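The values are calculated or read from the model by the stated rules, or taken from the named source; none is laboratory data. The structure presented is a predicted model; accordingly, all values stated were derived computationally and were not measured. For neighbour counting, all protein chains shown are included, and Cβ atoms are generated from backbone atoms with ideal geometry for every residue, glycine included.
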Amino acid sequence: MNKIRQWEWEIGEERQWFHINLRELFQYKDLLVSLIRRELLSSYSQTILGVLWILIQPILLTLFYLLVFGNIVKVPTGGIPPVLFYMSGAIIWSFFSDTLNGTMYSFVKNAHIFNKIYFPRLLVPFSLFFTYAIRNGVQLLLFFVLMFVFGGGSMIVYPLLVLIPVLFLFSGLFGFGLGLVVSAYTAKYKDLEQLVMFLVRLFMFVTPVVYPATLISAKYQTLFWLNPLTPIIETFRAILFQHAPVHVAALVVGFAVVMLVFILSLLLFKRKETKIIDNI
Amino acid sequence: MTETALKVENISKRYQIGVYNATSLKYDMEKALRSKIKANAAEQEANHIWALKDVSFEIEKGEVVGIIGKNGSGKSTLLKIISRITKPTTGLIKGNGKISSLLEVGTGFQPELTGRENIYLNGLILGMKKKQIAGVFDEIVAFSGVEKFLDTPVKKYSSGMYVRLAFAVAAHLTSETLIIDEALSVGDAAFQEKCMAKMKDISSQEGKTVIVVSHHLGAVRSMCKRALWLKEGLVVSDGKADEVISTYMKEEKFIYLAQEYHTADSAPGNDLIRIKQTKVESRFEDEHNTISTETPFSIKLSFWNLHQAELSTTIRIHDISGTCVLESCSESFCYSPGIVEGSFEIPGGYLKPGCYYVSFDFITNNIEKTYSFEVCLTFDIREKGQKSYWRENRQGFIRPQAPFILNRFNDPINVAV
């Protein structure tokens, strides 16, 4: 047979599971960096305030929450200074929702390129993930600066501070995984886009973004904590403000769910990519 | 020793056709629920087409291979599979060396970014490393001729500059195998020639393997030694380019007896002229639209003249082997913008039987070739009259009705037998 000759590469048939070529992804690292750069630059080109928008966005959102939920509706914040309470929720939530909203269009928005040039398709959602990680990471730093300005920081559990980047990362990974799953199906059924946008908005209200978890009635507590974002946001606040004990079990389950969604989404994406490109 | 660059083994590709709606959703869901859907075979076949059927071939390193065939014959699907954009439904492709494909000029260009940034981004998308791009950066810039505008966003480029830059990036790819689809017909005639020369360079001097898909039979003929003819997803013929193209043109008799474009925007051409119509006008003999050797016919051309310019047009008629049988040129004249029509009359009994193709060249100011409309018409001339071996197989390029008359004189024969 052909075993005598060595081939450098092979193109096999459609629909294969477990076909993530990490070495290849690494070979394209220059492109990944370039895509991230492009994404960061292009979102703020032709704007007057430019990169400052990265900082303005969470501040405006926090002020809005402060006005509506803090002053008008008067939702308790569990003893945490309201500005910091809303901002912590907003930053983690937006990393999740930005990655979800970004990656779900991976195929639809790049169809013309995917149809003409080959490069590992996963680079597109990954580049979006890193772009948002950088952008929202800057917002996270802003949060810490403001925390000390507003006199917070006295309650920080320093040994657990290392968990903060991990929590932040997992909120993004959750959005990334869900977005990837959606992207595999929106290419074929556009209805899904509308549905998902609606569901994401609803999802925010079952996540402790603008209210603390203690507000939920005991009957729904278990269900509520099964949402991976609940332990992520609550633990984030607990480490900084010690307003409530860390719900370790829920956090472990949450991390496991996020990892599962993340891995399954990668497999699904790889398995579906050829079919999707054939169909868009 | 020759080395194989690419080995295609029995690849087939099936596409789903039709629209996605509630029915296809139901079908997908049923399929997901039951592990094996028992839809009847006929229904399943009706929803799918086979774009490629059991295609196999090998390409040696350094070969330049043209792939020809009608629209829908599977050419593009084959290129997409080789360039990894999609995967075959069944079959396997193996290869050595990196493959890059240029299926469209300028894909992945970002209008907001500058020429310099786009060279890098496009190079990276096409599979180069940053270092490699830096190495050929100056060459790319020199080839494209856009030095002055390197730091201008490409959205401000003219379409010509845009295409030149895009082609320049692609032409300097460092990969061992290059796949090109219809990308040759870009820019003005001068740049087209530069592209062709570069392509030939790539294959001959740099020893790269090149696979070209084109409708442009003239280009395939001049670039490739070998051609593959695809028809309805099957490889019909694989061999020397000249021979394959000849059989292709003969067998696909259909070919262009007329081409017409309704708007100047979508018509082939350049900034000066756009082709409106080319047509062979005659009395055709049979359902194959052949012209008898005795029938006179005319070749019509009309085009949009976009700018006031001194213009003349050359018509060339080539036979199937590519030899130019005749060339004729119109008077040079300064036409105002509008539609210009022309006609070239060929008397009956002039060309010998066979298949011919027509090309037009547009020349400005009597010196500069601005545009070539290559192989835009083909026609077939058949023998008319008595069947005699010597009549049908006469040599020479043309067969004018200049009679060769023999007379017998009543002189005594003085030859000793």
**Request:** Take B:F143 and decide whether it is surrounded by fewer than 23 Cβ atoms within 10 Å (Cβ to Cβ) and either in a helix (DSSP H, G or I) or of a type in the set (D, E, K, R) (or both).
**Result:** yes
**Fill in**
Of the residues in the stretch B:7-27, those that are modelled with pLDDT of 85 or more and out of contact with any helix residue (DSSP H, G or I) (no Cβ under 7 Å at 6 or more places or on another chain) come to B:K7, B:V8, B:E9, B:N10, B:S12, B:R14
**Message:** Restricting to the stretch B:115-151, name every residue that is within 11 Å of chain A (Cβ to nearest Cβ) and in contact with an Asp or Glu (Cβ under 8 Å, 6 or more places away or on another chain).
**Reply:** B:L124, B:K129, B:K130
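Conditions tested, residue by residue: (1) modelled with pLDDT of 90 or more; (2) within 30 Å of A:I277 (Cβ to Cβ).
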{"site": "A:F176", "(1), (2)": "yes, yes"}
{"site": "A:S183", "(1), (2)": "yes, yes"}
{"site": "A:Y189", "(1), (2)": "no, yes"}
{"site": "A:M197", "(1), (2)": "yes, yes"}
{"site": "A:L215", "(1), (2)": "no, no"}
{"site": "A:F224", "(1), (2)": "yes, no"}
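Conditions (1) touching a residue at least 60 places away in the same chain (Cβ under 8 Å); (2) more than 25 Å from A:I134 (Cβ to Cβ); (3) hydroxyl-bearing (S, T, Y), marked per residue:
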{"position": "A:F170", "(1), (2), (3)": "yes, no, no"}
{"position": "A:A187", "(1), (2), (3)": "yes, yes, no"}
{"position": "A:V196", "(1), (2), (3)": "yes, no, no"}
{"position": "A:A213", "(1), (2), (3)": "no, yes, no"}
{"position": "A:L229", "(1), (2), (3)": "yes, no, no"}
{"position": "A:F236", "(1), (2), (3)": "yes, no, no"}
{"position": "A:H247", "(1), (2), (3)": "no, yes, no"}
**Asked** Mind checking whether some residue in the stretch B:93-110 is under 30 Å from B:M249 (Cβ atoms), modelled with pLDDT of 85 or more and at the interface with chain A (Cβ under 7 Å from one of its Cβ atoms)?
**Response** yes
**Message:** Based on this model, can you work out whether B:F373 counts as assigned to a strand (DSSP E or B), under 24 Å from the mean Cα position of the chain (by Cα) and within 30 Å of B:E310 (Cα to Cα)?
**Reply:** yes
**Request:** Output the number of the condition that A:V246 fails; it satisfies all remaining conditions of (1) away from every other protein chain (no Cβ under 14 Å); (2) in a helix (DSSP H, G or I).
**Result:** (2)
**Request:** Taking the options A:G175, A:G152, name whichever one is in a helix (DSSP H, G or I), crowded, with 19+ Cβ neighbours inside 10 Å and of a type in the set (G, A, S).
**Result:** A:G175
**Message:** Is it the case, given these coordinates, that A:M147 is crowded, with 16+ Cβ neighbours inside 10 Å and at pLDDT below 90?
**Reply:** yes
